[in-house]
Each structure stands twice: as structure tokens, then as C-alpha cells.
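A.B. asks: This is the structure I have questions about; it appears just below.
The values are calculated or read from the model by the stated rules, or taken from the named source; none is laboratory data. The structure presented is a predicted model; accordingly, all values stated were derived computationally and were not measured. So basically every Cβ, Gly included, is an ideal-geometry build from the backbone, and we count neighbours across all protein chains shown.
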Amino acid sequence: MYIYEKKGRYVIDFQDVGAARAKMPDISLEERKGNFDEVETGFPEDVAVAEAKRCLSCRRCLGCALCWAECKPEAINFEMPDQDFDLDFDKVILTSGMQRKVVPIAGNFGNQHMNVVTDLQVERMLADTGPSDGLIIRPQDGEVPKKIGFVQAFGAADDKVRDATLILGVNEAILAQKKMDGVEISFISPDMDAFTAAVSDAGKVSGVNFINGTVVEAAEVGDSKDIEVKYDAGGEKTETFDLVVLLTQPQLPPNVEAAAKQLGVEVSYASFLEKPGETVDTDKPGVVLAQNM
């Protein structure tokens, strides 16, 4: 390696770092139509190895000042010492964040079968700016489904988590009915009776079949790739759908759980659903939870 001048600063030039970044290969525009295939196909092994060798982070800092030379805001100060700060606050507000756990139906339905999607994918489809112009489509063939099943594959949950999960699905069903004439929608959940009793407006949604049942397994049907769902609703029953939507379970992200532990409070996702739009005190003075709307 040698040193050259750039922008008035002397910078070490590493000869084993390629001058240009490799271009990520992707599928053509024509291949992307009517499906949810991954657009970027990834680097072949030889290109990935060569690209990894470009990375400066594989070395310890040599004081070469390359980062300093390239940082336009001049935010890097090598002379800044490390400092520890003790800050006093009257109140710490812990927010929930959220991640949604996908629990597949027995038979690994949930990450292998194209006509099984999640409620988050459906939410994206229904957006007017989404990939399907606001319509729900079957990823397998791009067709608009006539019969959709929203299913809860995870078991019984806290009442508030249950309501948050099912309300999202019901809202999607209402929006789908407005955009898709004649679509038939069913919900299958082991918590359905409790949900419709607690959220009375849910039972007033017309054109939606609410089933209190536990999903047992699912299977693809013939060339159509329709999904046959078997469930227990006081007796084993089977129903076939053009498209199955997995209701995902809201959970706290690990970083939020870690922050709560560090603050000395015990929380779950349901802890943030007590009083929507408000804050709730915890057992630790000065630490409150920001409630989800």
C-alpha cells in the first residue's frame, strides 16, 4: 500500500480493495411481474469473496484517516476522548416497538407455500401504493382470490394481544370487501368467541364468517394450489381457500425487553395496551409505559 493525497489530506491506499463495488445481480422486469420472487438474486461465491475483501472493517483501525477524508459533514474527531455521562431525568418513557411472530400451520405452511401469506403482506397489498394496486392477489398465479381464510395458528393469547391481532385482520377484511366484489372471507381462531364478545362491533361485520376453532393442519389441493385447512371447532372440519392469511402475533422486540430489564420493570406486549394513547405507571417510580393507540 502507499499514501496519496486526496482533498488535501494524505490517505493510505489499500491495493487489495477493489476500486468499484460489485453490482448486485437481479431478475429482469419481465420476470418480476405477477409474483413475489426475490428481485436480488445474491452474489455468486467468487464475487462474494472478492467483495468481502474490499471491506476495510476486517482490519483494526490503522489511523489511515480514510473515513475522515470521506466524511463530508466532518463528524469524525480522532482526538475526542471517551466520556461517561450521568444524566438525571424526572421520567423515563418506555415505548413498545413491535415485531410480529409468524407461527406456521402444521406442515410448515407459512414459509414454503405461495398461497399462504401473512396479515402484514396483505396490509401491503391493500395499500393503493402497494405491489398489486390495492388488491389482494395470490402470489402463486397473480389471480384475485374469491375465498380467503384468515387463520390464527398460534394458541390462545392475552386478551389485549388477541384483540390487537384480530382487529388488524378484521380491518383488512373490511377493506378487502370494499375493493374486491363478492370475496368470501372467514376467520378461524381459538379465541373467536371471546373476541366477538369483547369487541361487539366485530360481530356486526357483514359477509365475514367468524369461526371459533383451532387450526390443526393444512394441505395444498391439486394443480390449483388452493389451501385446504383442517380445524377443530367442536369436531374436526375442513375448508378450502384460494388464499390463507396467517394472523401474526405481536411481540416486544428483544431490544425493548432488554431496556425494560435494565430499568428494572417486567413488561410484555400486553403491558402497552392498557390505556391507548396514554402513559401508564410501572412499579418502578419514574418509569412509565407509552401506550399504543
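A.B. asks: Considering only residues that are of a type in the set (K, R), free of Cβ contacts under 8 Å to residues at least 40 places away in the same chain and crowded, with 16+ Cβ neighbours inside 10 Å, which ones fall in region 159-209? Step through it out loud before you land on a result.
C.D. replies: To start, the set of residues in region 159-209 that are of a type in the set (K, R) comprises 160, 162, 178-179, 204.
Adding the requirement that they be free of Cβ contacts under 8 Å to residues at least 40 places away in the same chain leaves 162, 178, 204.
The one that is of a type in the set (K, R), free of Cβ contacts under 8 Å to residues at least 40 places away in the same chain and crowded, with 16+ Cβ neighbours inside 10 Å: R162.
Here is a yes/no grid of residues against (1) more than 30 Å from L289 (Cβ to Cβ); (2) in contact with a strand residue (DSSP E or B) (Cβ under 9 Å, 6 or more places away or on another chain):
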site	(1), (2)
R100	no, yes
V103	no, yes
D128	yes, no
G142	yes, no
A164	no, yes
S186	yes, yes
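A quick yes/no check of all residues on (1) in the same structural domain as M125 (by TED's automatic domain parsing); (2) within 30 Å of P139 (Cβ to Cβ); (3) modelled with pLDDT under 75; (4) not in a loop (DSSP other than H, G, I, E, B):
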{"residue": "E30", "(1), (2), (3), (4)": "no, yes, no, yes"}
{"residue": "D37", "(1), (2), (3), (4)": "no, yes, no, no"}
{"residue": "A50", "(1), (2), (3), (4)": "no, no, no, yes"}
{"residue": "G63", "(1), (2), (3), (4)": "no, no, yes, no"}
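A.B. asks: Cβ-Cβ under 6 Å, sequence separation 6+ or interchain: first residue in region 255-283 and under 24 Å from I167 (Cβ atoms), partner in a strand (DSSP E or B). Which pairs?
C.D. replies: Close Cβ pairs satisfying both conditions: Y269/P250; Y269/Q251; S271/L289; F272/L289; E274/V280; T279/V288; T279/A290; V280/L289.
A.B. asks: Quick one: Q251 ticks every box in (1) free of Cβ contacts under 8 Å to residues at least 24 places away in the same chain; (2) under 24 Å from F187 (Cβ atoms) bar one, so which box is it?
C.D. replies: (1) is the only condition that Q251 fails.
A.B. asks: Continuing with this model, one more query. When residues of region 122-162 are filtered for being touching a Gly at 6+ places or on another chain (Cβ under 7 Å) and over 22 Å from I188 (Cβ atoms), how many remain?
C.D. replies: Counting residues in region 122-162 that are touching a Gly at 6+ places or on another chain (Cβ under 7 Å) and over 22 Å from I188 (Cβ atoms) gives 4.
A.B. asks: What do you reckon, is G142 in contact (Cβ under 8 Å) with a residue 12 or more places away in the chain, farther than 14 Å from V245 by Cα and either outside the structural domain of E31 (by TED's automatic domain parsing) or part of a loop (DSSP other than H, G, I, E, B) (or both)? It would help to see each step written out before you state the result.
C.D. replies: On the way: in contact (Cβ under 8 Å) with a residue 12 or more places away in the chain: yes; farther than 14 Å from V245 by Cα: yes; either outside the structural domain of E31 (by TED's automatic domain parsing) or part of a loop (DSSP other than H, G, I, E, B) (or both): yes.
The answer is yes for G142.
A.B. asks: Regarding region 151-158, can at least one residue be identified that is in a strand (DSSP E or B) and at pLDDT 90 or above? So that I can check it myself, show each step before the final result.
C.D. replies: Of all residues in region 151-158, those in a strand (DSSP E or B) come to 151.
Remaining after also requiring at pLDDT 90 or above: 151.
Looking through region 151-158, at least one residue is in a strand (DSSP E or B) and at pLDDT 90 or above.
A.B. asks: For a quick check of your reading: which strands (runs of 3 or more DSSP E) sit entirely within region 161-275 and have at least 2 residues that are among the aromatic types (F, W, Y) and touching a helix residue (DSSP H, G or I) at 6+ places or on another chain (Cβ under 6 Å)?
C.D. replies: Values: elements: 184-189, 208-212, 214-221, 226-232, 236-241, 243-246, 249-251.
Qualifying strands (runs of 3 or more DSSP E): none found.
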